[in-house]
Amino acid sequence: MYRQILWLFLFSTSALAQIPIEQKKSSDYTYYFQMGEKLFEERNFSEALIHYNESLILNPLFAEAYHSRAITREKLEDKEGALRDYTIYLELNPDQFDALFSKALINFEMGKWLFANQDFKKLITLPAGETTTIYFGKDRFSDGINQVFTSQGADKSHIYNYLGLTEFELKQFEQAIIYFDSATKYNPHEADYFVNKGKCFEQLNQDEKARLAYQTAVTINPEHSLATHNISVLNRKTGDTVSSELMLDEVISKNPDLHFPYAERAFN
């Protein structure tokens, strides 16, 4: 394990921003870590990063500095760097739910479907973390943020949903449906899960099952634009262009900034 950590550390420290020698005030790695934490709290992320770097140069096996640096790199939009730091941290502290959850989300956001899938599968086996960190989830098939959750608690519906989404991207549609079913079992009131399942049924050419899934989503949330849009698409496929047009008009009137209903209406 330590050989792998050393390799990752050497890779992650190449071209690191460091404190100039004449400005260094200590040779204690904890001093720079604590300074990094203080700067992070002050939202001075660039300076916090430099201090975490210094802490890790002095002690390459200091796990908490990797975790803090990963979070800082996320704030600085350095997803690859954050991914490396979460990976090193998890080598030093395996089975840490929150770090693995963050790593899984980065893999998902970067379109690394197989790696994200592997991370989410492991998360299912772990007890939930104790954090109250808030995560913002985006549906793969619509615009904008539509889920807000923490990794805390017994509700693992969002993890099953992410598993379903990764299986969808890997074109394993039947397996994706199984995961979406698990998500709805944990949380039957989340319309997005039924929409995601409907997309899988469409890929399997099971349009009536897809329609039922979308209708369930609309029952849960009558304002769900994507579910309404997808029903209109299925109506057009069966030749019912009148109701399809009416539904698209409804979606556009309620959500004029969405792009997909305009594209679909061009086919009617």
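The values are calculated or read from the model by the stated rules, or taken from the named source; none is laboratory data. All figures in this text were calculated on a predicted structure; none of them were measured in a lab. Every residue, glycine among them, receives a Cβ derived from its backbone with ideal geometry; neighbour counts consider all protein chains shown.
Scanning the stretch 204-218 for residues that are farther than 16 Å from residue 180 by Cβ and either touching a residue at least 24 places away in the same chain (Cβ under 8 Å) or outside the structural domain of residue 184 (by TED's automatic domain parsing) (or both) turns up 207, 218.
For the stretch 166-179, filtering for residues that are within 16 Å of the chain's Cα centre (by Cα), crowded, with 18+ Cβ neighbours inside 10 Å and either farther than 15 Å from residue 123 by Cα or among the small types (Gly, Ala, Ser) (or both) leaves 2. All conditions but one from (1) surrounded by fewer than 19 Cβ atoms within 10 Å (Cβ to Cβ); (2) more than 25 Å from the chain's Cα centre (by Cα) apply to residue 231; the one that does not is (1).
Out of curiosity, is residue 46 at pLDDT below 95, out of contact with any helix residue (DSSP H, G or I) (no Cβ under 7 Å at 6 or more places or on another chain) and small (Gly, Ala, Ser)? In short, no.
Applying the criterion of being under 23 Å from the mean Cα position of the chain (by Cα) and of a type in the set (D, E, K, R) to the residues of the stretch 195-228, the residue that is surrounded by the fewest Cβ atoms within 10 Å (Cβ to Cβ) is 199.
Is there any pair linking a residue in the stretch 56-67 that is more than 19 Å from residue 82 (Cβ to Cβ) and in the same structural domain as residue 84 (by TED's automatic domain parsing) to one that is of a type outside the set (A, V, I, L, M) and surrounded by fewer than 17 Cβ atoms within 10 Å (Cβ to Cβ), with Cβ under 7 Å and at least six apart or on different chains, and which? Sorted first by the residue in the stretch 56-67, then by its partner, the pairs are 58/27. Residues in the stretch 81-111 that are more than 21 Å from residue 63 (Cβ to Cβ) and surrounded by fewer than 17 Cβ atoms within 10 Å (Cβ to Cβ): 109, 110, 111.
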